[in-house]
Amino acid sequence: MKAKPMTRRDALRLFGAAGAVLGMGSLRAGDAQAQATGPGMPQPDEKVADTLKRLFGDRPLQPAGDKVKFDAPMIAENGAVVPVRVDVELPMAGDDYVKSIYIISDKNRRPLNTKVSLTPDSGKASVGTNIRLASSTDVRAIAETSKGALYETKREVKVTVGGCGG
Amino acid sequence: MSQVRMRVPEKATAGEVVTVRAMVSHPMETMQFNAGKPVEKNYNYINKVEATYNGRKVFEAETTQAVSQNPFVMFPVKVTEPGKVEITFHDTQGKTYVGQAEIKF
């Protein structure tokens, strides 16, 4: 990279985000192993297969059937605000509960939209939020139990106007 | 903090699972790319959400740039006694936004 004034980098370093931006700049885009630290921090672009491998290793994604109800629009007018809702019909008590729900959009540059963590005090496993979709894509809701089982429901969401701001 | 709005049912009963809704005003600025290289823009978005009920952790979310502006979350809480739901949103610049709502029986 060309020499630049250090001020912006120093400022970012203060917030601990320098690793993400500098690392992203100097590494090739294909280096999926290089990840900024901290939850939700910017990741390198990733193909969904690599995202799934990184998150779940070789554990199988079982089709959830009715266990994972995934509500998302068939057609999203605005890819920047796509409401999604996941309701999981699995136990939520003691040592057998749904500990995480992942929402993953296959065609996003970084497929993981969000990872939600729950506890038995949640009472039931569900979450609703609004996500950004870059383009029409399959979106997956994956429930992970405290025993490590993974259940997946997939939906296709068509997007008329992409939501990732170019 | 007025940037966080929350909604909970007016009343609940012991053992009920209530739905908590929370929204924080936040631009969710993403990291932009130009021909494969990141633009050194000061991205700023909510990357973590935590909620407790009377001090017990009930919800946590790792949110990314692919969550909408003014992030909205809706999640369940099993209420065994009256009390307070507290939610904290963290952004990538280290700021936090806190909201509270009371659950009355």
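Read-outs: derived from the displayed coordinates by stated rules, not from any lab. Predicted model, so just to flag it, every value in this text is computed and none were measured. Cβ coordinates were reconstructed from backbone atoms using ideal geometry, including for glycine residues, and neighbour counts include every protein chain displayed.
In plain terms, the residue of B:Met74, B:Met28 with the fewest other Cβ atoms within 10 Å comes first and the most crowded comes last, giving B:Met74, B:Met28. Amide H contacts under 5 Å for A:Tyr97: A:Ser146, A:Lys147, restricted to partners 5 or more places along the chain or on a different chain, H placed in the peptide plane at 1.01 Å from N.
A simple rule links phi to the HN-Hα coupling: the Karplus curve 6.51 cos²θ - 1.76 cosθ + 1.60 with θ = phi - 60°, which for region A:138-154 gives 7, 10, 10, 10, 10, 9, 10, 8, 5, 8, x, 6, 10, 10, 10, 10, 10 Hz, with x for Gly and Pro.
Under 17 Å from the Cα of B:Lys95, which lysines turn up, not counting those fewer than eight places away in the same chain? Cα-Cα hits under 17 Å: B:Lys48.
Estimated from the Cβ-Cβ distance and a Förster radius of 30 angstrom, the FRET efficiency linking A:Ala149 and B:Arg56 is about 0.75. Taking only the alpha carbons of region B:16-105, we obtain Rg and Dmax values of 15.6, 56 Å in that order. What Kirkwood radius, in Å to one decimal, follows from the Cα pairs of region A:47-166? Result for region A:47-166 stands at 14.4 Å. Loop-resident chymotrypsin sites (Phe, Trp or Tyr not before Pro) (DSSP state other than H, G, I, E or B) in region A:61-166 with no more than 13 further Cβ atoms inside 10 Å of their Cβ are absent. Taking 0.36 nm per residue of separation and subtracting the current Cα-Cα distance, fully stretching the chain between B:Thr80 and B:Val17 would add 21.8 nm.
Cβ-to-Cβ counts within 10 Å put A:Glu89, A:Glu46 in ascending order as A:Glu89, A:Glu46, the fewest first.
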